[in-house]
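Below is one structure; the comments refer to it alone.
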């Protein structure tokens, strides 16, 4: 099956054990690094278990990307994103009933809609997949309250759960197990380390010059993240004026245009994608050589997930965080704004990314330690390690 559908001759580390657990009907939580092949960990079991595999996912772009991938392999799948007209819905239900296995993708917010209930009525659900499972935790960086409603699917369908994420602290891991009401789950936690990515932080005044310098140095595909929609549009225009093909992607664009931009990116018509955090989760473009953040992200979790879009093919890549005085000031302001509860949450999320950006210590120590993973020696593949090596006395 692995070879005939996906063209692979072997599994990546951890995949076989996770797949065996899910196929056997055991509730499973898998924590794998970005690029670790999470989708295969539920797509193979979905085919083997048969029936309908419900995939709860947070982003439209992620769902359409995976549905296109499955369709290209001859596997029946549909993404229920937005209201579906009656004719298409009837056609999907007919395909679902006649297929040995069917993958239905939807956001958790759609679970209580009349259309979903009609579509799934009378179908056998073989597996329930919770992708980006960290979204269920209020201690995570992408908390979505609707994820808390997912556990009701257990009562309705009785199928095993497979929850997956690439970013989870120990506390978030416990939250996932508790809030999904997983039953005697097997938890697979693998190293979040991405040794092929060189991590660096640059304190900048002239961000434009720094960005152009990096794009000149790393000539392959790149992603630039900015925290605001306005900033994304401005950066995309700056790059176009500099003769660099680029596209803007953020939540303010209508769905049709976002799909158009994403398709151009996936088909390699655009070199640089400039985006907010609305872009990237689950997007499988393996040849990205550079991920640049022009400003401080919301949290260390979101930064590491976004930086992990670089080098998914295993080849050397760069993740660069550009920090201006203005960006630091804006993040510091969050620590003093809002209610007491909001300040507590801001401190928990913002302080770690500030420490990462400011401390002169191995970047991997800073990131992996945050996720409860310790490495004993400096990584040798970040700006701090490189600087220490250059400054070391030669004998």
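The values are calculated or read from the model by the stated rules, or taken from the named source; none is laboratory data. Keep in mind that this is a model prediction, so the values were computed, not measured. Cβ sites come from the backbone with ideal geometry, for glycine too, and all protein chains shown count toward neighbours.
Brief remarks follow.
- Check on residue 172, closer than 27 Å to residue 291 by Cα and outside the structural domain of residue 55 (by TED's automatic domain parsing): no
- Flag for residue 84 being outside the structural domain of residue 267 (by TED's automatic domain parsing), in contact with a helix residue (DSSP H, G or I) (Cβ under 9 Å, 6 or more places away or on another chain) and free of Cβ contacts under 8 Å to residues at least 40 places away in the same chain: yes
- Taken together, 267, 289, 271, 217 contain a single residue that is without any contact (Cβ under 8 Å) to a residue 24 or more places away in the chain and in contact with a strand residue (DSSP E or B) (Cβ under 9 Å, 6 or more places away or on another chain), which is 217.
Listed here are the residues, each with its yes/no results for (1) surrounded by fewer than 20 Cβ atoms within 10 Å (Cβ to Cβ); (2) more than 23 Å from the chain's Cα centre (by Cα); (3) at pLDDT 85 or above.
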{"residue": "10", "(1), (2), (3)": "yes, yes, no"}
{"residue": "26", "(1), (2), (3)": "yes, yes, yes"}
{"residue": "55", "(1), (2), (3)": "no, no, yes"}
{"residue": "73", "(1), (2), (3)": "yes, no, yes"}
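- Checked against (1) crowded, with 20+ Cβ neighbours inside 10 Å; (2) touching a helix residue (DSSP H, G or I) at 6+ places or on another chain (Cβ under 8 Å); (3) in a loop (DSSP other than H, G, I, E, B), residue 30 meets all criteria but (3).
- Filtered residue count, segment 314-334, keeping only those that are surrounded by fewer than 16 Cβ atoms within 10 Å (Cβ to Cβ) and either more than 16 Å from residue 219 (Cα to Cα) or more than 22 Å from the chain's Cα centre (by Cα) (or both): 7
- Scanning segment 225-235 for residues that are surrounded by 21 or more Cβ atoms within 10 Å (Cβ to Cβ) and either over 18 Å from residue 62 (Cα atoms) or modelled with pLDDT under 95 (or both) yields 226, 232, 235.
Table: residues versus (1) farther than 26 Å from residue 51 by Cα; (2) in contact (Cβ under 8 Å) with a residue 24 or more places away in the chain.
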site: 133; (1), (2): no, yes
site: 138; (1), (2): yes, yes
site: 143; (1), (2): yes, no
site: 148; (1), (2): no, yes
site: 153; (1), (2): no, yes
site: 163; (1), (2): no, yes
site: 172; (1), (2): yes, yes
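- Annotation: of all residues in segment 168-189 being closer than 17 Å to residue 15 by Cα and buried (at least 17 other Cβ atoms within 10 Å of the Cβ), the one that is farthest from the chain's Cα centre (by Cα) is 185.
- Considered as a group, the residues in segment 187-214 that are farther than 21 Å from residue 356 by Cα and in contact with a strand residue (DSSP E or B) (Cβ under 6 Å, 6 or more places away or on another chain) include one that is modelled with the lowest pLDDT, and that residue is 189.
- Criterion (touching a helix residue (DSSP H, G or I) at 6+ places or on another chain (Cβ under 9 Å), modelled with pLDDT of 90 or more and in a helix (DSSP H, G or I)) met by exactly one of 238, 258, 269: 238
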